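Here is the structure we will look at.
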Amino acid sequence: MRYERDLQVKLQERYRRLYKADYKVYDREIKYFYDFIQKSPALRAIAERVAQDLPELDSDKWVEDHFVRRGHYDWPESEVGRAKVTWRLITRWVTEEDPTQHVTYFSTDSNYNTMFREMTEKAIEPFVEYLQEQIGSASEILYMLERFTRRLEWFDQAELFDKYKVATKHGEDLYDQYLRKFLFDQGVDYPFSQPKSASGQADIVSGLEGDDPLVCEVKLYDPDRSYGVPYIAKGFQQAVSYAHNYGKDVAYLVIFNLSDQGLQWPNDEETKPWPPRLHVEGVTVYLVTAHAKPRPSASKRGKSSPRLVRRDELVQQTDA
């Protein structure tokens, strides 16, 4: 998961620059920090989700009520609430106000450089750590899913495909159960199948008893049996909807390719990391493909053109 690790490192470097900035140019450096988040689809998706979380929390009103005098401030009870208020402050500093207006709440020092560094430590550093944790959580799941695709393709592909041919109508249940069992063995404690939610039933939502549920939708690709791209698009839309229901900014769509055709997905990241991912409505959806049908060797396979899936084929109904 090199992309996620690199992003964490870059985010930390941006924080370091902000922390070391002279107070006279702090407003410009915070603008660079803000722009970095906005230009990174993964970070922007997390920030957008944070801004939408806890609708009962009015960030501006919170600051007005709890940032009341020099050296005195308070955060909401939850980390998400703190992140929401901090992101709102950053946005205000970039678009509306001079950060000098808030710096005295975080420090009683008389040296402006010290005051700004204390504000950066107390406000921005926890926000950066929150972003890094969100990125790190996704990295762990992606590592598991990468190992899962290898296990399927290297060890169990033929056996599962034989079972699929016998019970095609129940093929999705077959592969769904296989994935859930793997996730459980890897330490995902509650990979339950199809718990109820406001929008229907997600194929896999783990950890619903805790604070960090995993939303994962499973779909088959087998156009000869009506499991084509429109069917995958339904799974994509469901993943976004379930993420909203469970307050998540990350979802996973695992596609079991049961055809002889390769699949090439759109990717909202310029560096095209694995797996492809799209950022829609504040949710990052990772598209993980497992080749579930045994294929002949490359020398016997001949030429084949992959199915190029356009972004609008997946997100058109979601964005509407």
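The values are calculated or read from the model by the stated rules, or taken from the named source; none is laboratory data. This one's a predicted model, so the numbers in the text were calculated from it and none came from an experiment. Neighbour counts run over all protein chains shown; Cβ positions are idealised from the backbone, glycine included. Ligands, DNA and RNA are excluded from the accessible area calculation, which covers all protein heavy atoms including side chains. Shrake-Rupley method; radii C 1.70, N 1.55, O 1.52, S 1.80 Å.
The figure for residue 110 is an accessible area of roughly 110 square angstrom, using a 1.4 Å probe on the protein chains alone. Shape descriptor for segment 31-76: Rg over Rh equals 1.09 (Cα atoms; Rh from the Kirkwood inverse mean 1/r). Placing pseudo-labels 7 Å out from each Cα toward the beta carbon at residue 69 and residue 226 gives an inter-label distance of 7.1 nm. Computed over neighbours whose Cβ is under 11 Å from that of residue 234, the net charge equals 0, Lys and Arg +1, Asp and Glu -1. Between 224, 156, 58, the Gaussian network model of the chain with springs among Cα atoms under 10 angstrom shows the greatest mean-square fluctuation at 224. Taking 125, 56 and ordering them by how much accessible surface each has at a 1.4 Å probe, largest first, produces 56, 125. For the residue pairs 24/248; 31/219; 61/248, the C-alpha atoms sit more than 31 angstrom apart in 24/248; 31/219.
Here the accessible area is traced with a 1.4 Å probe on the protein chains. For the chain, carbon and sulfur cover 45 percent of it. With the Cα gyration tensor of segment 15-120 giving a ≥ b ≥ c as the square roots of its eigenvalues, does the rule (a/c under 1.5 for rounded; else a/b larger than b/c for prolate; else oblate) give rounded, prolate or oblate? Verdict is oblate for segment 15-120.
The residue among 294, 276, 220 whose Cα reaches farthest toward the positive pole of the charge dipole of segment 216-309, with charges on the beta-carbon of Lys, Arg, Asp and Glu, is 294.
The accessible area of residue 95, taken with all protein chains in place and a 1.4 Å probe, comes to roughly 90 Å². Averaged over its residues, the chain has an accessible area of 51 Å² per residue, based on protein heavy atoms and a 1.4 Å probe.
Computed about its Cα centre, the charge dipole of the chain is approximately 1420 debye, with only Lys, Arg, Asp and Glu carrying charge at their Cβ. Considering helices alone, the calculated mean residue ellipticity of the chain at 222 nm is -16500 deg cm²/dmol, with DSSP H runs of length four and up weighted by -39500 (n - 2.57) and normalised per residue.
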